[in-house]
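So the structure is just underneath, and the comments pick up after that.
No value in this document is a laboratory result; all are computed from the given coordinates. What you are looking at is a predicted structure, and each value in this text was computed from that prediction instead of being measured. Ideal geometry is used to build each Cβ from the backbone, glycine not excepted, and the neighbour counts take in all protein chains shown.
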Amino acid sequence: MTHHFRFTGRSAAFSLSLVLGFAAAVPARAVEEGGETYREAFAGKFLVGAALGRAVIEGRAPGVQGLAARQFNAVTAENDMKWENLQPEEGRFEFEVADALVDFAAANGMQVTGHVLLWHQQTPDWVFEDEHGDPVGREPLLERLETHIRTVAGRYRGRVHGWDVVNEALNEDGSLRDSAWLRILGPDYIAQAFRMAHEAAPEARLIYNDYNLYQPDKRAGAVRLVRELKAQGVPIHAVGMQAHYGLTHPEDMADVARSIEAFAASGVDVEITELDLAVLPFPEGSDRGADLDENFALQEKLDPYRAGLPEDVAALQAARYAELFGFFLDHADKVSRVTFWGVTDAGSWKNNWPMVGRTDYPLTFDRQGRPKPAFHAIIERVRAGN
Ligand code: 9MR
């Protein structure tokens, strides 16, 4: 195999670190094997992005910022644009880390997706309580939502290109999830949030985001939701399919393509917003989606690859990733972005969900930032054409 070494700023930093003697702190290769990058390989098809955790945004994950900037042309804050981080107390907004992400993206020519304006998780209790700790009324809650969305989406107008406006509002059967938002505001809360976001950032793409949307019942629920919103003239531009998948689910991978088609037919684009492909088994009773309330005790037999990812498992994962990208490429007229939920296996949330302390390998760069067989399989798939 030929290795094309390009002399990028990153290589210069690498040589400098050798001179200064802290090369060990830079585990990622100077340039990925063969010089291949997602951003170049998928140019003209769709954006390819990654979620960045706080350690990456703050430059505390050696080599990962450089790797992300070379490989991706879209970013999402993994946690730092959630309500609990942006407005932990009423009226006290903290934008430092979110600002750093937006600056990093601008410096590297990346599009930003804001995640997330309204969610039932990671929202501080004060949002739903009055001064006595009782449930707040409809009007004050709408006001709080409006203030939050206006302040956050307004601040990043023109710099955050799309927003996950509402996240995970559906149950697995496609009905609306019981949440404080639904209980206090009624089913209209989704339309309200989209209207507020559009008002604050009229150019931004507005996304409804959820997990397990490949499942037929949940797909049908999302289609109903999109159609209702559009019938009311609510500005919604895309459905975000999170895509937290594994080696055995989706059982029928074609369900992913069916969902892409169903959402496109209801008049919106599709963005793959949180892609990863776990190799570890799921415990009995897990819905295998991304329900953060699931938490199982650590079992050693469900953590089989502590010493490393076996080649045959890496190959299986690569084949599934290639199959998925095949669907995305077949639907490139409907899919505008594919974002991985993290950059390297070391930083993935899957190491701690639905069980804390496992060693999973769900992404396409390994713990040292080196491309895995999955990376090569995906690049091969796009190079092979449609
Ligand atoms: O990856 C995120 C993890 O670091 C956080 O602890 C968790 C709670 O805020 O959220 C994870 O990201 C979730 C995303 O915000 C929404 N979809 C499911 C993702 C994985 O749980």
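Skipping prolines and chain starts, which residues have an amide H placed within reach, meaning under 5 Å, of the one on ARG205, given they are 5 or more residues away or on another chain? For ARG205, whose amide H was placed from the backbone, the distant partners under 5 Å are GLY162, TRP163. Along Cα→Cβ, 7 Å out, is where each label goes; now give me the distance between the ones at ASP291 and GLU90 in nm to one decimal. For the pair ASP291/GLU90, the computed spacing is 3.2 nm. For the chain, the longest principal axis of the C-alpha atoms and the axis of helix 138-155 are separated by about 40°.
Of all DSSP beta bridges confined to the chain, the antiparallel ones make up roughly 10%.
Sort ASP103, ASP360 by Cβ crowding within 10 Å, fewest neighbours at the top.
In increasing order of surrounding Cβ atoms, one gets ASP103, ASP360.
If a spin label sat at a point 7 angstrom from the Cα of LEU316 along the line to its beta carbon, the backbone N atoms of the stretch 272-296 nearer than 12 Å would be those of 278-282. For the peptides 190-196, 317-323, residues were scored by their other Cβ atoms within 10 Å and the scores averaged per peptide; the highest-first order is 190-196, 317-323. Residues whose amide H comes within less than 5 Å of that of MET355, counting only those at least five positions distant or on another chain, are PHE296 (H built at 1.01 Å from N in the peptide plane). The GLN121 and GLN368 beta-carbon pair, evaluated with R₀ = 30 Å, returns a calculated FRET efficiency of approximately 0.45. Once backbone amide H atoms are built at 1.01 Å from N, GLY246 has ALA278 as its partners under 5 Å, excluding neighbours fewer than 5 places away on the same chain. Fully extending the segment from SER175 to ALA41, taken as 0.36 nm per residue of separation minus the present Cα-Cα distance, adds 44.4 nm. Mean-square fluctuations from a GNM of the chain, with a 10 angstrom spring cutoff on Cα atoms, peak among GLY186, GLY342, GLY133 at GLY133. On the principal axes of its alpha-carbon atoms, the chain has extents of 62, 46, 44 Å, going from largest to smallest. At q = 0.11, 0.17, 0.18 Å⁻¹, what log₁₀ I(q)/I(0) does the stretch 155-290 have when each alpha carbon counts as one equal point scatterer in the Debye sum? Log-scaled intensity ratios, in q order: -0.40, -0.92, -1.02. In this Cβ point-charge picture (+1 for Lys and Arg, -1 for Asp and Glu), the stretch 216-286 has a dipole of about 360 debye about its Cα centre. When the Cα atoms of the stretch 45-175 are aligned to their principal axes, the ranges along those axes come out at 50, 36, 26 Å in descending order. Considering every pair of different Cα atoms, what Kirkwood radius, in Å, is found for the stretch 203-272? The Cα-based Kirkwood calculation yields 12.2 Å.
Measuring how big the stretch 279-386 is from its alpha-carbon positions, Rg and Dmax come out at 15.0, 44 Å.
The HN-Hα couplings worked out from phi for the stretch 257-262 by the Karplus form 6.51 cos²θ - 1.76 cosθ + 1.60 (θ = phi - 60°) are 5, 4, 5, 4, 5, 5 Hz, whole numbers, x standing for Gly and Pro.
Quick check for me: using +1 on Lys/Arg Cβ and -1 on Asp/Glu Cβ, what's the dipole size of the chain about its Cα centre, in debye to the nearest 20?
For the chain, the charge dipole is close to 1500 debye.
When its C-alpha radius of gyration is set against 2.2 N^0.38 Å (N residues), the stretch 34-83 gives a value of 1.23.
For the stretch 152-194, the Cα-based Rg and Dmax, in that order, read 12.8, 36 Å.
When ASP130, ASP276, ASP125, ASP366 are ordered from fewest to most other Cβ atoms inside 10 Å of their Cβ, what list results?
ASP125, ASP130, ASP366, ASP276
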